[in-house]
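Undergrad: Pasting a structure here, questions to come.
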Amino acid sequence: MKKVAETTYNKICAMNDIPHNAGVCALVDGKQIALFRIGDKNELYAISNYDPFSKANVISRGIVGTMGEIPKVVSPIYKQQFNLTNGQCIDNPKVSIPTYPIREQGGAIYVSAIENC
Amino acid sequence: MNSKHKIVIIGNGMVGHRFIEELVDKDFRDNFSITTFCEEKNLAYDRVSLSTYFNGKTKEDLSLMPEGYYEENGVEIFIGDKAESIDRKAKVVKSAGGREVHYDTLVLATGSYPFVPPIQGQKQYYFEGYRAFECGDHKQHIHVYRTIDDLDAIKASASKSEIGTVIGGGLLGLECANALKNLGLKTHVVDRGPSLMGVQIDAEGGIVLRAKIEESGVQVHTSKSTKLISSGKEARYQLQFDDGTYLETDILVFSSGIRPRDEIARKAGLKIGDKGGIVIDSECRTSDEDIFAIGECALWNGQIFGLVSPGYKMAGVAADIITAQGDRRFEGADMSTKLKLIGVDVASIGDSHGRTEGSRSFSFRDELKGTYKKIVISPEGNRLLGAILIGGVEEYGTLQQMMLNEMTLPKDPGSLILPTTEEAAAGVGLDTLPEAAIICSCHNVTKGELMKSVQDGATTIGEIKTATCASTGCGGCSTMCKQLLDNELAKRGVDVNTDLCEHFPYTRQELYGLIRVKGIRNFETLLAEHGHGAGCEICKPAVASILAACWNEYILKDEHYGLQDTNDRMLANMQKDGTYSIVPRVAGGEITPEKLIALGEIAKKWNLYTKITGGQRIDLFGARQEQLPLIWEDLVAVGFESGHAYGKALRTVKSCVGSTWCRYGQQDSVGLAVEIETRYKGLRTPHKLKMAVSGCTRECAEAQGKDVGIIATDLGWNLYVCGNGGMKPRHADLLAADLNKESLIKYIDRFLMYYVRTADRLQRTAPWLENIEGGVEHLKAVIIEDSLGIAEQLEGEMAHIIDTYQCEWKTTVASPEKRKRFRMFVNSDETDNNVIFVEERGQIRPATDDEKFELGVSRKEVFE
Ligand code: SRM
Ligand SMILES: Cc1cc2nc3c(=O)[nH]c(=O)nc-3n(C[C@H](O)[C@H](O)[C@H](O)COP(=O)(O)OP(=O)(O)OC[C@H]3O[C@@H](n4cnc5c(N)ncnc54)[C@H](O)[C@@H]3O)c2cc1C
Ligand code: SF4
Ligand code: FES
């Protein structure tokens, strides 16, 4: 994974603003990014909010869960599954969506709008 | 430039495109390059479904490929450029657009064109290729029916016309007539022959079909040959027939058969059949070994195949041969067809006319129902050769399988088409079907292929889908696929896995038991004690529903929030653009003028699209996520409650007006509907639940199509259960007759809680009952006679639900914390800029991709 310079992180919200085991959407440098907080350890994921199948901005409203060890989110419109760690669509190997760097510091959430690669 | 083998394809229709898909699947890129000429201005689209373009399907819907498919796969395509000639010596194709493209292998997939019979007119009509040109003033009103462009032209002239006429009463002609009728035209069909669909069905069938079609308002004229088209007196044109009669019409569509488009092959000197068609062998090769022909332009063994699936087979064969990967050969195809024409089911199988020497036939005609069924059997009487079915085509699959697989006929072949008796209906189960039986007709997947995928290790429907494509089209075959999978697994001694999902080794019923008996109150506890992993989109909503049915807590409580499915999470129904629709409860469909006005005012204030639903209430569309609590604040203020249109819950109790006003009414059906809707509102169930109450046996509320249906009698109420509309309609069964209201309610309580307790996830009451051993008799025993001794328990559970009801929206708008969840962005008050509405018929609707593009939303946002 490419290392992203610290300065590109934007402060978004408090950790508790992301409902546990669910998501919210953030607007970061004009990009819609879905943020998720999952499990006992509050694992954080940031992934594009745009669902290429329905062409609607809805990923943050999907159900999260696991498939084997893979953490995933399921698009709420036509139910395609996406791997939260790398944006790969699990049902269609030809499709993937961007993920973004996200971290927590002092109870606040920071996200960068520069895609992971 | 490069040393790759160059494949050039002429024609980007259904078959030309399938050929490219076959190459893509073979990972052609290292060794081949592909170029294709596409004469039409649209890339390959679903011509078979062309008529749906008139029912609101768009070009994008009909397109056979995702946006950017060719670019991504490195396929070069020249859109709107027609290939004009082939120089076989130099191996070059020249196009109308001036291109000269070299090929190593050439594939012709030029399809066919509609044949237009030579007819004299005062004005002269010319047809170049298949497009009509007239040297008069209104060429736009004479058409053919083949391409999206043709349909655009027909639509445009229909808007200026009243009468439409189709020349040709075959399959396509009738489809076209239906389209004209749906465009609001007074419609005629004219055929030269004595009856309709002469190719597929016999004269007697033609009579039954004609009667049905005329019933729908389309006028049929047979044995009429058009000899002259002149200007009309009352309408635009006058058709003069050779028997001296005439017909006037504003629009004329020719649908008099198709002819292969072999002109370019002809010019290049390839071998052409006597009646047209590019001659190919079983490798789909033409008389030039570097040139192939596939689809409707190809002539194999003296036969043209005017259907898409033989064309697809040819595409596969050509791809195998050209890439030298695979060994498929073309060996003919079954031309059986099943379709719905102007609302009439029609099917034709094999030798439907009985042309085989010595064949015998057996037919059955029911004038009351308007059905006609005929089978043609071999001279020895032991094989099925063909069949015709009109008005009811349930037997199609079985008969087609019998014909294709040369199965031995039953002793009394007539039983195959006689009205089904119960024994006969049980006749063809999955096990008796041969391996060649096609289970998924969308993707031509046979029983054998499905069985093989299980042998190769598939254990879930998902794996079967990936391995065979079955069940990824219309989905109509999914139940059969699942049954087949279960059968095969059971045969192999594999335990059929009935686990809810990978996180819980239990069925839904078992989880319900655990939650209820152990008093488990949230998902985390259940997962810790009985599951593993983190849950998924299958178990989470299922458990949320069970928790709600047991304890009835507010579903947006923090610990339940993430479990809820899309719609439950926002207490509204998500639409295709990510906005929501709102359906307030209108119990029994009864609404005061004040409330109706209030609803209108609120819709106007928030600029929402309004529509009356099929459930006797009003749906408000186009609410943005962040507006939901604000709109509901207004709705709650004037006394509306959630209608649970978003939940697997009670939806509506439909009513007819009943004895209060209606001269036939036996009881107050509206009163009862309001009462039971109020009683059961908010109840969460394995799938959605619908009810209805009719005031007499005329059944205006369609109660027998509902999960719970009630019909008034002079003595009380009849209770029906487990009806269904939707995909697989089922008439409800009578559970008990002439009940007084008290017993009626008691039985419904028990029925509902028994369903909640024992059904599978997402199983409506109809399939639930179908799967209960003992069927409705078992239900009667449990509900009326209390054979399991649980009646009181069930009633108690229902009482708890009723006592703890709360309007979810009322609770939500009152909580500032919960309202935060509806913000579009956690860090901004902006709104989703990809949600754009345009106006149609005086109201908003979501903009299409093209409209968004025109409105200046960036291409990336629209198309990527
Ligand atoms: C709004 C409405 C159409 C309309 O404009 O009239 C509608 C709209 C939808 N129906 Fe329906 N159905 C509507 C009445 C019906 C009816 C008629 C009725 O209820 O009398 C039926 C047939 C009766 C029945 O269910 O037995 C009906 C059978 C279905 C089915 C097929 C169910 C089945 O068992 O085969 C589905 C798919 C499903 O539930 O899996 C469905 C699914 C849907 C969904 C949820 C599709 C979706 O996932 O987006 C639609 C979303 C509603 C929304 O966004 O608001 N809708 N749907 C009707 C709402 C009624 C209401 O007031 O609540
Ligand atoms: C209204 C309608 C309903 C139908 N319903 C059914 C059905 O229910 N079931 C069924 O099986 N079949 C149905 N069919 C038939 C089915 O559509 C055809 O069998 C199928 O499209 C044939 O595919 P094809 O690729 O051979 O030809 P086409 O789909 O016609 O494609 C040929 C393409 O090649 C292009 N072309 C021709 N010459 C050139 C050239 N020189 N240069 C460049 N391009 C060229 C044409 O413009 C065309 O786009 C229906 C057809 C119609 C019109
Ligand atoms: S069902 Fe009976 S009471 Fe209801 S409207 Fe029809 S006739 Fe009248
Ligand atoms: S029949 Fe299998 S998906 Fe349509």
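The values are calculated or read from the model by the stated rules, or taken from the named source; none is laboratory data. Computed from a predicted model, the values in this text were never measured in an experiment. Every residue, glycine as well, gets a Cβ built from its backbone with ideal geometry; the counts of neighbours run over all protein chains shown. All accessible areas refer to the heavy atoms of the entire protein, side chains included, with ligands and DNA or RNA removed. Shrake-Rupley method; radii C 1.70, N 1.55, O 1.52, S 1.80 Å.
Undergrad: What strands (runs of 3 or more DSSP E) lie completely within the stretch B:320-375 and have 1 or more residues being farther than 20 Å from B:Gly198 by Cβ and open to solvent by less than 60 Å² (accessible area, probe 1.4 Å)?
TA: B:360-366
Undergrad: Hey, another quick one. I'm trying to understand the selection: among the residues of the stretch B:257-280, which are open to solvent by less than 40 Å² (accessible area, probe 1.4 Å) and not hydrophobic (A, V, I, L, M, F, W, C)?
TA: Result: B:Gly257, B:Pro260, B:Arg261, B:Asp262, B:Gly273, B:Gly276, B:Gly277.
Undergrad: So B:His532 ticks every box in (1) over 15 Å from B:Glu808 (Cα atoms); (2) open to solvent by 20 Å² or more (accessible area, probe 1.4 Å); (3) in contact (Cβ under 8 Å) with a residue 60 or more places away in the chain but one. Which box is left unticked?
TA: Here B:His532 clears every test but (3).
Undergrad: Now, a different point. What residue, among those in the stretch A:32-50 that are within 11 Å of chain B (Cβ to nearest Cβ) and over 12 Å from the mean Cα position of the chain (by Cα), is modelled with the highest pLDDT?
TA: Looking at the filtered set, the residue picked out is A:Gly39.
Undergrad: Within 28 Å of A:Val24 (Cα to Cα), open to solvent by 30 Å² or more (accessible area, probe 1.4 Å), among the basic types (Lys, Arg) and in contact with an Asp or Glu (Cβ under 9 Å, 6 or more places away or on another chain): does that describe B:Arg516? Show your work before the answer.
TA: Numbers: within 28 Å of A:Val24 (Cα to Cα): no; open to solvent by 30 Å² or more (accessible area, probe 1.4 Å): yes; among the basic types (Lys, Arg): yes; in contact with an Asp or Glu (Cβ under 9 Å, 6 or more places away or on another chain): yes.
No; evaluated as a whole, the condition is false for this residue.
Undergrad: Separate question: Does the stretch B:573-591 include one or more residues that are surrounded by fewer than 20 Cβ atoms within 10 Å (Cβ to Cβ), over 16 Å from B:Arg684 (Cβ atoms) and facing chain A (nearest Cβ under 8 Å)?
TA: yes
Undergrad: So if I check each of A:Ile109, A:Ile77, which one is facing chain B (nearest Cβ under 9 Å), not polar (S, T, N, Q) and not in a strand (DSSP E or B)?
TA: Just a single option satisfies the conditions, and that option is A:Ile77.
Undergrad: Let me ask you something else. Suppose the filter is outside any helix (DSSP H, G or I), away from chain A (no Cβ under 14 Å) and either away from ligand 4 (no atom under 16 Å from the Cβ) or open to solvent by 20 Å² or more (accessible area, probe 1.4 Å) (or both); does B:Phe19 pass it? Before you say what the answer is, go through the steps one by one.
TA: Values: outside any helix (DSSP H, G or I): no; away from chain A (no Cβ under 14 Å): yes; either away from ligand 4 (no atom under 16 Å from the Cβ) or open to solvent by 20 Å² or more (accessible area, probe 1.4 Å) (or both): yes.
Judged against the criteria, B:Phe19 is not a match.
Undergrad: While we're looking at this one, here's another question. Pairs under 8 Å by beta carbon, first residue within 16 Å of ligand 4 (Cβ to nearest atom) in the stretch B:568-582, partner of a type in the set (Phe, Trp, Tyr), six or more apart or different chains?
TA: Close Cβ pairs (under 8 Å, with a partner that is of a type in the set (Phe, Trp, Tyr)) do not exist here.
Undergrad: If A:Leu84 meets every condition in (1) in contact with an Asp or Glu (Cβ under 8 Å, 6 or more places away or on another chain); (2) in contact (Cβ under 8 Å) with a residue 40 or more places away in the chain; (3) buried (at least 23 other Cβ atoms within 10 Å of the Cβ) apart from one, which number is that one?
TA: Of (1) in contact with an Asp or Glu (Cβ under 8 Å, 6 or more places away or on another chain); (2) in contact (Cβ under 8 Å) with a residue 40 or more places away in the chain; (3) buried (at least 23 other Cβ atoms within 10 Å of the Cβ), only one is false for A:Leu84: (1).
Undergrad: Could you please tell me which pairs satisfy a Cβ distance under 9 Å, a separation of 6+ or placement on different chains, a first residue in the stretch B:826-853 that is under 26 Å from A:Lys11 (Cα atoms) and facing another protein chain (nearest Cβ under 10 Å), and a second residue that is of a type in the set (Phe, Trp, Tyr) and open to solvent by 30 Å² or more (accessible area, probe 1.4 Å)?
TA: B:Asn834/A:Tyr50
Undergrad: Can you tell me which condition B:Phe254 does not meet? The list is (1) more than 30 Å from the chain's Cα centre (by Cα); (2) of a type in the set (Phe, Trp, Tyr); (3) buried (at least 24 other Cβ atoms within 10 Å of the Cβ), and all the others hold.
TA: Going through the list (1) more than 30 Å from the chain's Cα centre (by Cα); (2) of a type in the set (Phe, Trp, Tyr); (3) buried (at least 24 other Cβ atoms within 10 Å of the Cβ), B:Phe254 breaks only (1).
Undergrad: Conditions: (1) hydroxyl-bearing (Ser, Thr, Tyr); (2) more than 14 Å from the chain's Cα centre (by Cα); (3) within 9 Å of chain B (Cβ to nearest Cβ). A:Thr8 meets all but one. Number of the miss?
TA: Evaluating A:Thr8 over (1) hydroxyl-bearing (Ser, Thr, Tyr); (2) more than 14 Å from the chain's Cα centre (by Cα); (3) within 9 Å of chain B (Cβ to nearest Cβ) leaves (3) as the failure.
Undergrad: What's the total number of residues in the stretch B:484-519 that are polar (S, T, N, Q) and either within 14 Å of chain A (Cβ to nearest Cβ) or in a loop (DSSP other than H, G, I, E, B) (or both)? Before you say what the answer is, go through the steps one by one.
TA: Here is the first cut: in the stretch B:484-519, the ones polar (S, T, N, Q) are B:487, B:497-498, B:507, B:509.
Okay, now just the ones that are also either within 14 Å of chain A (Cβ to nearest Cβ) or in a loop (DSSP other than H, G, I, E, B) (or both), so B:497-498, B:507.
The qualifying residues number 3.
Undergrad: Test each condition in (1) out of contact with any helix residue (DSSP H, G or I) (no Cβ under 8 Å at 6 or more places or on another chain); (2) closer than 19 Å to A:Ala22 by Cβ; (3) among the charged types (D, E, K, R) for A:Glu69 and report the one that comes out false.
TA: For A:Glu69, the failing item is (2).
Undergrad: Continuing with this model, one more query. How do the helices (runs of 4 or more DSSP H) wholly within the stretch B:377-470 filter down when requiring 1 or more residues that are modelled with pLDDT under 80 and under 28 Å from the mean Cα position of the chain (by Cα): which remain?
TA: Qualifying helices (runs of 4 or more DSSP H): B:396-404, B:422-426, B:461-468.
Undergrad: Looking at the structure I just gave you, is B:Thr610 surrounded by fewer than 21 Cβ atoms within 10 Å (Cβ to Cβ), within 16 Å of ligand 3 (Cβ to nearest atom) and not in a helix (DSSP H, G or I)?
TA: no
Undergrad: May I pose another question? For the condition closer than 30 Å to B:Leu556 by Cβ, outside any loop (DSSP other than H, G, I, E, B) and within 30 Å of the chain's Cα centre (by Cα), what is the one hit in B:Val636, B:Val653?
TA: Numbers: B:Val636 fails: within 30 Å of the chain's Cα centre (by Cα).
Of the residues listed, the single one that is closer than 30 Å to B:Leu556 by Cβ, outside any loop (DSSP other than H, G, I, E, B) and within 30 Å of the chain's Cα centre (by Cα) is B:Val653.
Undergrad: Among the residues of the stretch B:679-715 satisfying the criterion of being out of contact with any strand residue (DSSP E or B) (no Cβ under 8 Å at 6 or more places or on another chain) and more than 16 Å from ligand 1 (Cβ to nearest atom), which is nearest to the other protein chains (Cβ to nearest Cβ)?
TA: Here the answer is B:Arg679.
Undergrad: B:Ser669 - would you say it is within 16 Å of ligand 3 (Cβ to nearest atom), in contact (Cβ under 8 Å) with a residue 60 or more places away in the chain, under 30 Å from B:Phe751 (Cα atoms) and among the hydroxyl-bearing types (Ser, Thr, Tyr)? Full working, then the answer.
TA: Working: within 16 Å of ligand 3 (Cβ to nearest atom): yes; in contact (Cβ under 8 Å) with a residue 60 or more places away in the chain: no; under 30 Å from B:Phe751 (Cα atoms): yes; among the hydroxyl-bearing types (Ser, Thr, Tyr): yes.
Here the answer is no, as B:Ser669 does not meet what is asked.
Undergrad: Can I ask one more? Is it the case that A:Arg61 is more than 30 Å from B:Ile461 (Cβ to Cβ), surrounded by 23 or more Cβ atoms within 10 Å (Cβ to Cβ) and either away from chain B (no Cβ under 11 Å) or not aliphatic (A, V, I, L, M) (or both)? Before the answer, list the steps.
TA: Numbers: more than 30 Å from B:Ile461 (Cβ to Cβ): no; surrounded by 23 or more Cβ atoms within 10 Å (Cβ to Cβ): yes; either away from chain B (no Cβ under 11 Å) or not aliphatic (A, V, I, L, M) (or both): yes.
Taking the combined requirement at face value, the residue does not satisfy it.
Undergrad: Among the residues of the stretch B:1-21, write down those that are under 16 Å from B:Leu106 (Cβ atoms), in contact with a helix residue (DSSP H, G or I) (Cβ under 7 Å, 6 or more places away or on another chain) and more than 7 Å from ligand 2 (Cβ to nearest atom).
TA: B:Ile7, B:Ile9, B:Phe19
Undergrad: Please work out which one of (1) in contact with a Ser or Thr (Cβ under 8 Å, 6 or more places away or on another chain); (2) at pLDDT 85 or above is the condition B:Asp320 fails and give its number.
TA: Result: B:Asp320 fails condition (1) only.
Undergrad: Under the condition of being part of a helix (DSSP H, G or I) and over 26 Å from the mean Cα position of the chain (by Cα), which residue from the stretch B:676-706 is surrounded by the fewest Cβ atoms within 10 Å (Cβ to Cβ)?
TA: Of all residues in the stretch B:676-706, those part of a helix (DSSP H, G or I) come to B:676-680, B:703-705.
Adding the requirement that they be over 26 Å from the mean Cα position of the chain (by Cα) leaves B:676-680.
Numbers: B:Ile676: 24, B:Glu677: 24, B:Thr678: 16, B:Arg679: 19, B:Tyr680: 23.
So, considering only residues that are part of a helix (DSSP H, G or I) and over 26 Å from the mean Cα position of the chain (by Cα), the one surrounded by the fewest Cβ atoms within 10 Å (Cβ to Cβ) is B:Thr678.
So that you can scan it fast, the table gives a plain yes or no per residue for (1) modelled with pLDDT under 95; (2) touching a strand residue (DSSP E or B) at 6+ places or on another chain (Cβ under 7 Å):
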residue: B:Ile272; (1), (2): no, yes
residue: B:Asp281; (1), (2): no, no
residue: B:Cys297; (1), (2): no, yes
residue: B:Glu331; (1), (2): yes, no
residue: B:Lys340; (1), (2): yes, no
residue: B:Ala347; (1), (2): yes, yes
residue: B:Asp351; (1), (2): yes, yes
residue: B:Thr356; (1), (2): yes, yes
